[in-house]
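Undergrad: A single structure is presented below for examination.
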Amino acid sequence: MEILELQIKDIRSKHIGEQVKIKGRASNIGTQYPVYTRVAYQCLRCGHTTYVEQNSFKLEEPLAGCEEETCGKKGPFKLILKDSTIIDVQNIIILEEVTVPVREGIVKSIKGFLMRDAVGLALEDETYHFTGNLSTIDAGKGKLEYVLYIYKVENVQKEAPAPSSEPTSISKKNKIRTMKDCIKKISDNSGINKAPLDEVYKIVEEEGIDRNTAEELIKKMKQRGDLFATDQLHIRIIP
């Protein structure tokens with residue numbers, strides 16, 4: 001069966017019974033609990049077992065009575081647990097992903113039930129693709145509301161940030177720290193308390209800082225008051 005990709009606001013009655021895929025944010029996730037999907041009922045008159053498919057969260061007994069032709073009684077019946085089918089279910093509210101401001105702050109939502117292996121896959125306030133069967137449940141006063149019986153939960157791939165040609169602030173800090181250490185070391189070993197620029201460029205290049213970058217960093221350090229030039233060929237760290 002074809003899977004329809006829909007936004008919550010676009011769901012209509014014509015989609016009931018279809019498999020749909022919705023992108024939304026997980027909210028109000030409840031604890032998991034077991035429900036019957038197929039119940040075995042044993043007739044207490046003749047002992048015959050009748051299986052009844054369960055399509056709601058309210059147990060339904062054999063409406064037509066015992067299936068055994070020689071019995072045909074309406075009951076009573078006994079539920080046989082070991083022969084019944086039980087699955088795990090978890091309540092969830094799916095909020096429509098909002099990319100633009102919504103009028104009056106109203107965000108569309110749909111009630112859902114995480115079924116079987118989908119239980120426990122969604123985390124609060126995270127965005128996913130939810131795939132399931134669209135149906136309805138009784139909302140009272142003769143009204144119905146849409147509900148999604150979810151059997152698949154997929155993470156939404158987040159776009160990686162575009163690479164920047166500019167060095168990050170952290171790398172700049174590391175390079176400035178390396179420059180300071182090298183200049184101080186050269187100055188201390190020079191005997192004149194200043195560092196020759198050519199020697200600075202040579203040493204920092206061994207640390208992975210090319211000459212053009214070193215010149216820009218020295219200019220920035222001068223502007224910040226971290227060092228000054230004693231002449232055109234020497235620099236000194238300002239304590």
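Undergrad: Given the conditions (1) in contact (Cβ under 8 Å) with a residue 40 or more places away in the chain; (2) touching an Asp or Glu at 6+ places or on another chain (Cβ under 6 Å), and given that Glu96 satisfies all but one, which numbered condition is not satisfied?
TA: Glu96 satisfies every listed condition except (2).
Undergrad: For region 186-198, which positions are surrounded by fewer than 16 Cβ atoms within 10 Å (Cβ to Cβ) and in contact with a helix residue (DSSP H, G or I) (Cβ under 8 Å, 6 or more places away or on another chain)?
TA: First, the residues of region 186-198 that are surrounded by fewer than 16 Cβ atoms within 10 Å (Cβ to Cβ): 188-193, 196, 198.
Those that are surrounded by fewer than 16 Cβ atoms within 10 Å (Cβ to Cβ) and in contact with a helix residue (DSSP H, G or I) (Cβ under 8 Å, 6 or more places away or on another chain): Asn193, Pro196.
Undergrad: Among (1) in contact with an Asp or Glu (Cβ under 9 Å, 6 or more places away or on another chain); (2) at pLDDT 90 or above; (3) surrounded by fewer than 17 Cβ atoms within 10 Å (Cβ to Cβ), there is one condition Asp138 misses while meeting the rest; what is its number?
TA: The number of the failed condition is (2).
Undergrad: Kindly indicate whether any position in region 89-97 is in a loop (DSSP other than H, G, I, E, B) and either outside the structural domain of Phe57 (by TED's automatic domain parsing) or modelled with pLDDT of 95 or more (or both). Show your work before the answer.
TA: As a first pass, look at region 89-97 and keep what is in a loop (DSSP other than H, G, I, E, B): 97.
Applying the additional criterion that residues be either outside the structural domain of Phe57 (by TED's automatic domain parsing) or modelled with pLDDT of 95 or more (or both) yields 97.
The answer is yes; a qualifying residue exists.
Undergrad: Only one of these is exposed (fewer than 15 other Cβ atoms within 10 Å of the Cβ), of a type in the set (Ser, Thr, Tyr) and not assigned by TED's automatic domain parsing to the domain that holds Leu144: Ser56, Ser13. Name it. Can you show your working first?
TA: Working: Ser13 fails: not assigned by TED's automatic domain parsing to the domain that holds Leu144.
The unique qualifying residue is Ser56.
Undergrad: Could you list, ordered by first residue, the pairs with Cβ atoms under 6 Å in which the first is in region 173-185 and assigned by TED's automatic domain parsing to the domain that holds Met221 and the second is surrounded by fewer than 15 Cβ atoms within 10 Å (Cβ to Cβ) and assigned to a helix (DSSP H, G or I), at least 6 apart or interchain?
TA: Going by the 6 Å Cβ cut-off, there are no qualifying pairs.
Undergrad: Can you give me the number of residues within region 1-20 that are part of a loop (DSSP other than H, G, I, E, B) and within 26 Å of the chain's Cα centre (by Cα)? Walk me through it before giving the result.
TA: Step one: filter region 1-20 for residues part of a loop (DSSP other than H, G, I, E, B), giving 1-2, 7, 11-12, 16-18.
Right, trim to within 26 Å of the chain's Cα centre (by Cα) and you get 2, 7, 11, 18.
So the answer is 4.
Undergrad: Free of Cβ contacts under 8 Å to residues at least 24 places away in the same chain, surrounded by 14 or more Cβ atoms within 10 Å (Cβ to Cβ) and in a loop (DSSP other than H, G, I, E, B) - does that describe any residue in region 21-44? Don't jump to the end; show me each part of the working.
TA: Looking only at region 21-44, we keep the residues that are free of Cβ contacts under 8 Å to residues at least 24 places away in the same chain, and these are none.
So far as region 21-44 goes, no, none of its residues is free of Cβ contacts under 8 Å to residues at least 24 places away in the same chain, surrounded by 14 or more Cβ atoms within 10 Å (Cβ to Cβ) and in a loop (DSSP other than H, G, I, E, B).
Undergrad: Still on this structure, I have one more. Quick check, is Gly24 in the same structural domain as Lys111 (by TED's automatic domain parsing), closer than 15 Å to Ile150 by Cβ, at pLDDT 90 or above and in contact with a strand residue (DSSP E or B) (Cβ under 8 Å, 6 or more places away or on another chain)?
TA: Taking the combined requirement at face value, the residue satisfies it.
Undergrad: Next up: If Glu69 passes every condition in (1) acidic (Asp, Glu); (2) surrounded by 12 or more Cβ atoms within 10 Å (Cβ to Cβ); (3) farther than 30 Å from Val153 by Cα but one, which one does it miss?
TA: So the condition that Glu69 fails would be (2).
The values are calculated or read from the model by the stated rules, or taken from the named source; none is laboratory data. Computed from a prediction, not measured in an experiment: that's the story for all the values here. Virtual Cβ from ideal backbone geometry, glycine too; neighbours counted across all protein chains shown.
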